[in-house]
Amino acid sequence: MPVFVEDPSQFSKERLKSELIAHNVDLPPPESKKHAYVELYLKHVRTNGTDFSSDEEEDHLNASAKKEEAADMVDLSLLTDDQLKAKLLQYGVKAGPIVASTRALYEKKLKKLLDSSAQTSQHRINGTGDAGLYSDSEEEAEREEDEDKDSDSEQLRSETVTRTETSKTGSRMENRFSSQSKQSEIERRSGQRSEQTVDSRDLREPVTDVLSEMFPDTAKTPTGIYATKRRPIKGAAGRPVQFKYPEMPLLSPTTLERQEIQQRLVPLWVQIMVFLLVACLLFLIYSSIEEPLSSPFTALLDVLILFSVVIGKTFTFKVNTELGQWENTTAIYPDLSPEQRRNLLQNFKVAIQIPTVSFSESDQNISALQEFDLLLRRVFPKVFSSSLVKHEVVGNYSHLFTVPGREPDLEPYMLLAHIDVVPADEADGWDAPPFSAQEINGFIYGRGTIDNKQSVMGILQALEYLLEQGYTPRRSFYIGLGHDEEISGPKGAVNIVKLLKSRGVKLLYVLDEGLTIMDGVVDGLNEPAALLEKNRMPNLFGHGPERATFEHLAHKFGWPHRMIMSNLWLFSSLLSGILEGQPDTNAFVRTTTAVTMFNSGVKINVMPAYAEAFVNFRIHSSQTLQEVLKLIESTISDERVKLEFVSGFDPLPVSSYDDDTFGYQIIKKTVQDIFPQVTVSPGICVGNTDSRHYTELSPDIYRFAPSWYKPGDTARFHGVNERISIQNYEEIVLFYFQLMQNSDIRNLPAPRT
C-alpha cells in the first residue's frame with residue numbers, strides 16, 4: 001500500500017489556504033506570512049489526521065455514503081408522474097409524456113442514474129473526486145482553472161438541462177461542501193462570477209491515474225483502489241514516497257503448467273528419427289530370427305549407415321537449382337495505373353458476359369463468337385492497328401497473331417489460349433448468373449474466368465500495354481486463340497498448326513493453359529470419395545515426371561514430408577501408395593479409368609438383351625495407346641465382351657525441365673518475378689488442350705496458366721461458381737507482360753554454383 005509523508009512547510013501558501021478553508025478554519029489576516037498558515041494547519045488540520053487514510057476514517061465515510069445512497073434509493077413505483085419527472089430532471093433528463101407504456105422505461109432510466117450516482121459517491125470516498133482541489137504548484141492551479149473554464153463553456157453548449165441563477169449584481173455564497181460546490185469554488189478563487197451553474201454530475205473532473213504516470217512499470221493492486229483518500233499530489237517537490245505492491249503472477253497456474261509440459265516435449269523431427277531407428281532395429285531382429293546373421297554387429301552398422309544417409313540427405317537434398325545472373329531484358333516495368341486497372345477489369349467482365357459456348361462439334365454459339373471478335377478489336381486497338389502485329393482469322397473464328405522480332409535468327413515461341421467455354425446453367429447452384437461477370441467479395445464470377453478467357457484477355461492486354469509504350473521484341477512470337485478447344489479444336493487449333501507448318505515455322509517452346517498455382521491443395525481431399533475402379537492399371541510412379549515434381553518441392557516441405565520427398569530412392573513405394581489412394585492424385589501414378597456412359601435394359605422386370613458402356617482412359621505419360629488396349633483385353637479376357645476402339649491418341653511427350661531448357665526456365669523466372677513466394681516444379685496435366693496439336697512444331701510444350709487455386713477451387717473448373725479474384729487477373733496480365741520481355745533474352749545464364 002503506498003504511503004505519502006507530507007510536510008506542511010513544503011506546501012505553497014495558496015495550498016495552505018485551500019486546506020484551511022476545506023476544514024472550516026478561519027483564515028489569518030491577508031498580510032500574514034506563510035508560517036501563520038502553517039501553524040493553523042498543524043493546529044486544526046494535522047491533529048484531525050485527515051491527510052492519511054485509516055480504517056476508522058474509511059468506515060465513517062462508507063457509512064455516510066450508505067446513508068446518502070439509502071436516501072436516494074426510494075421506491076420508484078410510489079412516485080407520482082410529476083415526482084418522477086422532477087427526479088429525472090435533477091439528473092439532466094427531460095422526460096416526455098409519462099403514460100402507462102412509458103413509465104416503466106423512465107423508472108428503469110432513473111434507477112440507472114441513481115446507481116451511477118451512488119458509484120460516484122463511493123469514487124469520491126476513494127480519493128479521486130476531490131483531486132482537483134489539491135495542488136502545490138500555482139502554475140498547475142492556473143492551468144486547471146483554464147481547463148475547468150473550457151469544460152464549463154462546453155457543458156453549457158450541450159443539451160444537458162441546467163439550472164440557472166440570475167444574481168448578476170450580487171455575490172453568490174454557497175456551502176463549500178454542497179453538491180454544487182466544486183466548480184464554483186474554483187471560480188470564486190479566481191475572482192470570476194458565473195451566471196449559470198451546471199449540475200455537478202455533469203462537471204465531474206475526468207479521473208486520471210497519476211500513480212500509473214509516476215510509476216509506469218509497477219503493477220496495480222487487484223482492486224485498483226489507492227490507499228489515501230486523495231489523489232497523490234503531482235509535482236510535489238521533496239516529498240518522500242514509499243510505494244510497494246505484492247508481486248502478482250503474470251500467468252495463471254494452468255498456463256505455467258502447460259508451458260512447462262511443452263518445454264519437456266520432444267520435437268517432432270526427433271520423434272521421427274527415433275521411430276525410424278526403432279523400426280530398423282526391429283527389422284534387424286526379425287531378420288535374425290528368420291535367418292541367423294553371421295555378424296549382428298555388421299547388420300547393426302548397416303542400419304546406422306542407412307539411417308545417417310536418410311537424415312543427411314534430408315537436410316542437403318535440393319534439385320530445384322537456381323540459375324546465375326540473368327540478362328536484363330525488361331525495358332518496360334509492369335506497373336498498372338488506377339485507370340488501367342479499371343479498364344482491364346471492365347474489358348474482362350465484358351468478355352465473360354459473352355456466352356461463347358461450345359455444346360458439340362456441330363453446335364456452337366456462332367453469334368457470340370462474332371460478338372467476341374468485335375470486342376477484341378474494340379478494346380485492343382493497338383494490337384489490331386499496329387504495323388508490327390500481323391493478325392489473321394483462321395477457321396472463321398480463331399485468331400493468329402504474329403509479332404516479328406528485331407533479331408529474326410532467334411527461334412520464336414508461341415502463347416495459346418481459347419475463346420470458347422463449356423455450357424453453364426444458373427439452376428445448378430451458381431451464386432451469380434454464369435455469364436453476368438458479377439463481382440462478389442473481390443471475385444469475378446462467370447464461365448470462362450479460369451477456363452480460359454483470363455488467358456485470352458491477359459495475353460492481349462499485356463501486348464496492348466507494351467505496344468502503347470513503343471515495345472518491339474527482340475525474339476519473334478505468335479499468339480494463337482482457338483474458338484473450339486472444348487470440342488477438341490478440329491477447326492481452330494488444327495488449322496492454325498497447318499498454316500504454321502506450311503510456312504516452315506519451328507517453335508522454341510509453346511505455353512498453353514493447364515496446371516495452376518496450387519495454394520494449400522497438395523495435401524489432397526479432406527472428405528471421402530467413391531472409387532469406381534476395381535482392376536486397376538499398373539502403378540507407374542517414377543516412370544514419368546511425377547517423381548521430379550516432389551523432388552523439386554522437397555526442400556519446401558516440413559517434417560516428416562521433407563524426409564520422404566528427399567529420399568524417394570527409399571520411400572517411393574510409400575509415396576506412390578499414398579498418391580494412388582486419393583482420386584485427385586491417382587492420375588499421377590497410372591492410367592485412369594472412368595465409365596462415362598452405360599446403357600442396358602428397357603424394363604425393370606425384363607432381362608436386358610445386351611449392355612453397352614463407354615469408358616474413358618487418361619493415359620499415363622509412360623504408356624502408349626496400344627499398351628492400354630492390350631491391358632484392357634487381357635483384363636476382361638471374355639469372348640462375350642466385344643471391344644471397339646472409338647477414338648484416342650498417345651499422350652504428349654514429356655517436355656524438358658533441365659537447367660538448360662529455355663522455355664521451362666523462362667516460365668519459371670517469370671513466375672518468380674510476379675509471385676516471389678511461389679516454388680516452381682514440373683508436373684503432369686492429366687487433361688488435354690489445343691497444345692496437343694502442336695507437337696510437330698515444338699518438343700517443349702508447357703501447360704500452365706498463373707491462376708491461383710486454393711482448396712475447393714479445382715471443383716470450379718468446368719463446374720459451378722467458376723471465379724477468379726480481381727487481384728489474380730491483374731497478376732495474369734502482368735505475368736504475360738513480363739514473359740514477353742523475359743523471352744527476349746538470347747541465352748540462359750549458367751546454373752548458380
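The values are calculated or read from the model by the stated rules, or taken from the named source; none is laboratory data. None of these values were measured; they are calculated from a predicted model. Counting neighbours? That spans all protein chains shown, and the Cβs are built from the backbone with ideal geometry, glycine included. Heavy atoms of the whole protein, side chains included, go into the accessibility calculation; ligands, DNA and RNA do not. Shrake-Rupley method; radii C 1.70, N 1.55, O 1.52, S 1.80 Å.
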Return the FRET efficiency for the residue pair HIS718, LEU277: r is the Cβ-Cβ distance, R0 is 45 Å, and the value is rounded to the nearest 0.05. 0.40
What ranking, highest mean first, results for peptides 423-433, 379-389 when packing means the other Cβ atoms within 10 Å averaged over each residue? 379-389, 423-433
Sort 81-93, 474-486, 563-575, 596-608 for me by packing, meaning the mean count of neighbouring Cβ atoms within 10 Å per residue, highest on top. 474-486, 563-575, 81-93, 596-608
Linear extension gain, THR330 paired with ASP115, 0.36 nm per residue minus alpha-carbon span: 70.2 nm
Give me the one-decimal nm value for the distance between modelled label points at VAL615 and THR635, 7 Å along each residue's Cα-to-Cβ direction. 0.5
For SER32 and GLN83 in one chain, what is 0.36 nm times their gap in residues minus the Cα-Cα distance, to one decimal in nm? 13.2 nm
Give me the extension gain from SER572 to SER386: residue separation times 0.36 nm, minus the current Cα-Cα distance, reported in nm with one decimal. 61.6 nm
Taking a 31 Å limit on the Cα-Cα distance, which of the listed pairs LYS453/LYS630; LYS313/LYS506; LYS669/LYS710; LYS501/LYS669 fall beyond it? LYS453/LYS630; LYS313/LYS506
Using Cα pairs under 8 angstrom and six or more residues apart, how large is the relative contact order of the range 363-483, in percent? 40
Cα→Cβ-extended label distance, 7 Å offset, between LYS501 and PHE598, nm: 4.0
Going by average Cβ neighbours within 10 Å, how do the peptides 508-518, 7-17 rank, with the highest at the top? 508-518, 7-17
Suppose R0 equals 41 Å. What FRET efficiency, 1/(1 + (r/R0)^6) with r the Cβ-Cβ distance, do LYS556 and ASP428 give to the nearest 0.05? 0.65
At 1.4 Å probe size, with the rest of the protein present, what percent of the exposed accessible area of the range 626-725 is carbon and sulfur atoms? 49
Using only the Cα atoms of the range 624-741, each taken as one equal point scatterer with no solvent, compute I(q) by the Debye sum, divide by I(0), and report log10 of the ratio at q = 0.13, 0.14, 0.17, 0.20 Å⁻¹. -0.74, -0.82, -1.04, -1.24
